[in-house]
Each structure stands twice: as structure tokens, then as C-alpha cells.
Amino acid sequence: MHVVNMSAWDAHVFGCPGCGKLGLAVEGEPDRKPGESGGAVMGWTERRTWPRTYKVVVRGVESVCPLINPEPGKAKGTVGTRDVIYVVDKSGKCVEGPASMDDF
């Protein structure tokens, strides 16, 4: 599991194993120029039963990350080997990311 923050503001992630009540912060990058890729990345290994729900809060606004199938064709409740990547977009919303970190 990866969360890549492409917004200018810090994003707080909730629902991951180590997030706790306060969430984990993924730093924003206010000086990023338009068109630049990159962004702060946070990741973890998800070993809990699938599907899971994650939430991101940016500047007090919450968004629920979309469900991403960890491996198409896997039975419900099992975790596959595909990277699951969420992106906090420029507006601060959690969206589905690319299939691989190499695609950034």
C-alpha cells in the first residue's frame, strides 16, 4: 500500500494499521511547480482481510479512498500481490493511483 501526496498541503491518512486515532501525516509540497511529478510517499504492508477502507483528510476536508482490487481475479477477502497506490491529488482528494510506483 502506498499513498502519494501530490497536493500542496499535508494529508492525514486514517484506516491503515499504524495510523491510530490521529492518522499519519504525508507531507505536502507547497513549492511544487505545475507539471512536476513526485510528492511525499507513505507506505505499509496490508495483511488484514480485504477489502479495507482508508480515509484522507486535507485541510479539514475528508475523502474516502476508492476501493482498489489488489489483484484482479483474486477471491474476495484475500490480498494479492499488486501494489495498491492511492494519490492525494492537487485538490486534496484521495483517488486511485497507477498500477506501479514506476509510473510516477
| message | Let me cross-check Glu62: its accessible surface, 1.4 Å probe, with only protein heavy atoms counted, in Å² to the nearest 10? | response | 110
| said: Between Thr53 and Lys21, what is the label-point separation in nm under the 7 Å Cα-to-beta-carbon projection? | reply: 2.0
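The values are calculated or read from the model by the stated rules, or taken from the named source; none is laboratory data. If you're wondering where the values come from, they're calculated on a predicted model, not measured in any experiment. Using ideal geometry, Cβ is built from the backbone for each residue, glycine included, and neighbour counts are taken over all protein chains shown. To get the accessible areas, we keep the full protein, side chains included, count just its heavy atoms, and leave off ligands, DNA and RNA. Shrake-Rupley method; radii C 1.70, N 1.55, O 1.52, S 1.80 Å.
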